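Peer 1: Below are the structure tokens for one structure; questions will follow.
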Amino acid sequence: MPHRKHGRRVLQIRHVDAGSCNGCEQELTACTGPAYDWQHLGLDLVASPRHADALLVTGPMSDTMARPLNHVYSAIPQPKIVIAFGDCAAGCGVFQHAYGVRGGLDTADLTIPGCPPEPVQAIKALRTWMTTLTDPETEPKDSGRR
Amino acid sequence: MSQDWIDHNIAHKQAGDELLSLTATRDGQVRATWMNPGDGRQTSYATSVIDNHFPSLTRALPEVAWDEREIHDLFGFVPQGHPDLRPLVRTPRWPSEFFPLGAKPIRCPAWLDVEPDNPARTVQGDGITIMKVGPTHAGIIESGHFVFSLMGENILHLDIHLFQNHRGVEAILEDQPIANAVPIVSRVCAGDTVSHQTNWAMAVENLAQFVPDPLLSLRRVILLESERVLSHLNDLAQIPAGVGFQRAHQQALAIKECWQQGLKQLFGHRLLFDTVKPGWAAGADPDALLMLIRRLRQQWTPWRTLVEGHHGFHDRMTGVGVVKPHDAERFGAHGVVARAAGQARDVRSVHALYADMRPACILGQGGDVKARFDVRLGELEESLRLLEASAMRLRNENESPLRRWTVPDTLSGRAVVFTESPHGLNVHDITLDCGRIARYHIRAGTYRHWPLLAQAMPGNTVADFPLINKSFELCYSCTDR
Ligand code: SF4
């Protein structure tokens, strides 16, 4: 299991839509709403990539969004994590073979399946995965850099 | 010949008809379909593309400016006389010979290794600031790129660059056998999914001359109105967020969640994907539906009192982002945007599904953010009323099972079908050939509202943009496709 400096107890996420149908966005919004309130679980969406530990991508990666997505990824400080949210980003959605898309992310540290993933499943997947990360407090100071 | 094309189309606009679709075919026809909003009668015209050109309608009919630019980008046909042929869907990354819907299709283009931004149109002059927003955003928002020309706080001009989420949906639908279309059509846009699915189902049924029985129609009305409640709840939650009215925002999100959990229980999906197919629609237990509406009302009524009693919130919405009736007419607005500007445009009034339902057309005054907010408040309650009436009917009808129907596998022909989606008039222009899709064109509710949004911006301050944008609540996904 890879070492991660951040992410075990809190995960600050920057979201980018790369060709989504807006279904994944609606369920992400629900995660932040009063019913699921994922902030109390240490999960949050941040406005700036500079504040993020993770990049969360929705959609099958339209060609037009590929570069802007890369710019956001580069702006996130190391170490960083990529999350594919939903079947499209995971490379198994219905738009997989459309001419305008690349068919999802090449690699992701965490894939959350579903069309769209329901909030309960999404939060469960994130929380379970976070517990597998190495706790920075029990690690030597400089571990976890990629 | 070409003058006929222009004259016919103008005559329909002048007669108050609704333009359903304007699109092309690979073999070089450009077709316009109009509908008489009094009786639902459709009329189609076509003009041939000659030497790669066809006569542009944009100068006479500004509402088709984007349709024609899209034809130019995707088919390579030139609308002759169009005043603004900048790329709309294409980006500098598209190979020059690549026209995805043109006569010679290329399935996998070799994208050029450059940035995707098209040049923006801005205002030049002393003291003018150019502010670019997007395509990625600082929140959970679909991708779009906005270039503002500002003088201090004031917006002089907004140039909107969409199609960042262009996937090529119309092209992947081509050649698909009828049976494969539902999952794709269902995901054109999560906000209007039932409307898209219903359009597809109606097109197949019309071509097969299959008449849905009352039970099937009732199920579809229930799904369509359930979607309107969901979508309006979402929009009503977002507008207070645009002015920092967090209490109203969070409470509305909670009400939306209550509705979504109910939809999951009743129909199996929180956003109603895959609930309508040719000859079929998901059914629900009428008592469970009535119970869900009762639960919703318990939260909705106090919320409505909260937002209607907050003067600061009203002041913030009044007079902001005004759409003038004249512009709504000129740009072909419909849905909430048109009704908030006082125009009674709602295609449910001529729709066979709603034949004996008579949904009330809720009109607003002023065409501002407040009017759009208020129209949604009224429409949500009207949808609840329709849902209750439908549930009662379902219960009284002593539900018999749906008639089983198999789609004939050699269906051919063209159908232009529409529904009133939560975002306005949603049209599909579909041609089938021997059981396969030959052409699938989608003109969704928000398409014509984007240019209107840009038109409504000058005179407002830049801080009002998120609020105005949220009050239009335009989807990107079904515009970009
Ligand atoms: S995974 Fe499903 S919900 Fe998410 S963007 Fe793709 S089609 Fe939409």
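Peer 1: Can you compute the charge dipole magnitude of chain B about its Cα centre, using +1 on each Lys and Arg Cβ and -1 on each Asp and Glu Cβ, nothing else charged? Give it in debye, rounded to the nearest 20.
Peer 2: Dipole of chain B, to the nearest 20 debye: 820 debye.
Peer 1: Which whole-percent values make up P(r) of the stretch B:246-405 when all C-alpha to C-alpha distances are grouped in 5 Å steps starting at zero?
Peer 2: Pairs per bin, as whole percents: 2, 8, 13, 16, 18, 17, 13, 8, 4, 2, 0, 0.
Peer 1: Probe radius 1.4 Å, ligands and nucleic acids ignored: give me the carbon and sulfur share of the accessible area of the stretch B:1-50 as a rounded percent.
Peer 2: On the stretch B:1-50, the fraction of accessible area on carbon and sulfur atoms equals 50 percent.
Peer 1: Counting only other chains, what is the mean number of Cβ atoms within 10 angstrom of the Cβ of each residue in peptide B:187-196?
Peer 2: Taking the mean over all residues of the peptide, I get 4.
Peer 1: Please report how far the C-alpha centroid of the stretch B:227-301 lies from that of the stretch B:381-450, rounded to the nearest whole angstrom.
Peer 2: The stretch B:227-301 and the stretch B:381-450 have Cα centres spaced 20 Å from each other.
Peer 1: Related question: Report the full-extension gain for the segment B:Thr461 to B:Gln365: residue separation times 0.36 nm, less the Cα-Cα distance, to one decimal in nm. Could the numbers behind the result be given before it?
Peer 2: On the way: separation 96, 0.36 × 96 = 34.56 nm, distance 2.16 nm.
Stretched out fully, the B:Thr461 to B:Gln365 stretch lengthens by 32.4 nm.
Peer 1: So if we plug the beta-carbon distance of B:Gln176 and B:Ala46 into 1/(1 + (r/R0)^6) with R0 = 25 Å, what FRET efficiency do we get, rounded to 0.05?
Peer 2: Taking R0 as 25 Å, the efficiency between B:Gln176 and B:Ala46 is 0.55.
Peer 1: Sorted from largest to smallest, which semi-axis lengths in Å does the alpha carbon gyration tensor of the stretch B:152-308 give for its equivalent ellipsoid, taking the root of 5 times each eigenvalue? Intermediate values should be presented prior to the final figure.
Peer 2: On the way: eigenvalues 198, 131, 26 Å².
Working through the eigenvalues yields semi-axes of 31, 26, 11 Å.
Peer 1: I need the fraction of alpha carbon pairs in the stretch B:118-185 separated by more than 20 Å, rounded to a whole percent.
Peer 2: The answer is 51 percent, as a whole percent.
Peer 1: Helix-only mean residue ellipticity at 222 nm, chain A, DSSP H runs n ≥ 4 weighted -39,500 (n - 2.57), per residue, nearest 500. What is it?
Peer 2: -8500 deg cm²/dmol
Peer 1: Would you compute, for the Cα atoms of the protein assembly as shown, the largest minus smallest coordinate along each principal axis and list the three values in descending order, in whole Å?
Peer 2: In descending order, the Cα extents are 79, 60, 54 Å.
Peer 1: Here is a further query. Taking the stretch B:148-233 as the region of interest, what is the percent of Cα-Cα pairs per 5 angstrom bin, listed from the shortest bin to the one with the maximum distance?
Peer 2: For the stretch B:148-233, the binned pair fractions read 3, 11, 15, 17, 14, 13, 9, 6, 5, 4, 3, 1 percent.
Peer 1: Between the alpha-carbon centers of the stretch B:355-379 and the stretch B:43-57, tell me the distance in whole angstrom.
Peer 2: 37 Å
Peer 1: Moving to a separate point now. Could you work out how far the C-alpha centroid of the stretch B:114-136 sits from that of the stretch B:456-481, in angstrom?
Peer 2: 17 Å
Peer 1: Once label points are set 7 Å from the Cα along Cα→Cβ at both B:Gln246 and B:Met291, what is their separation, rounded to one decimal in nm?
Peer 2: Here the modelled spin labels are 3.5 nm apart.
Peer 1: Once the convex hull of the alpha carbons of chain A is built, what does its volume come to per residue, in cubic angstrom?
Peer 2: 101 Å³
Peer 1: If the viscosity is 0.692 mPa s and the temperature 37 °C, what Stokes-Einstein diffusion coefficient in µm²/s follows for the stretch B:328-413 when Rh is the Kirkwood radius over Cα pairs?
Peer 2: Values: Rh = 15.5 Å.
Rounded, D is 211 µm²/s.
Peer 1: Set the Förster distance to 30 Å, then compute FRET efficiency between B:Arg358 and B:Gln209 from the Cβ-Cβ distance, nearest 0.05.
Peer 2: The pair B:Arg358/B:Gln209 has a calculated efficiency of 0.65.
Peer 1: While we're here: Using a basic spin-label model with each label point 7 Å from the Cα along Cα→Cβ, how many nm lie between B:Asn154 and B:Gln124?
Peer 2: A separation of 2.2 nm, rounded to one decimal place.
Peer 1: Sticking with this structure for a sec: Relative contact order (percent) for chain B, with alpha-carbon contacts under 8 angstrom and 6 or more residues of separation? Intermediate values should be presented prior to the final figure.
Peer 2: On the way: 887 pairs, mean separation 84.1, N = 481.
Relative CO of chain B lands at 17 percent.
Peer 1: Okay, moving on. Looking at chain B from every direction and averaging, what is the projected area of its Cα convex hull in nm²? Walk me through the intermediate numbers first.
Peer 2: On the way: hull surface 90.1 nm².
Mean shadow area of the hull around the Cα atoms is 22.5 nm².
Peer 1: Still on this structure, I have one more. Using Cα-Cα distances under 8 Å and only pairs 6 or more residues apart, what relative contact order does the stretch B:2-112 have, in percent?
Peer 2: Answer for the stretch B:2-112 is 20 percent.
Peer 1: Quickly estimate the mean residue ellipticity at 222 nm for chain B, helices only: each DSSP H run with n ≥ 4 gives -39500 (n - 2.57), and the total goes over all residues, rounded to 500.
Peer 2: Value at 222 nm, helices only, nearest 500: -12500 deg cm²/dmol.
The values are calculated or read from the model by the stated rules, or taken from the named source; none is laboratory data. Nothing here was measured: the structure is a model prediction, and the numbers come from that model. Backbone-built Cβ (ideal geometry, glycine too); neighbour counts: all protein chains shown. Please note that ligands, DNA and RNA were not included when accessible areas were found on the heavy atoms of the full protein model with its side chains. Shrake-Rupley method; radii C 1.70, N 1.55, O 1.52, S 1.80 Å.
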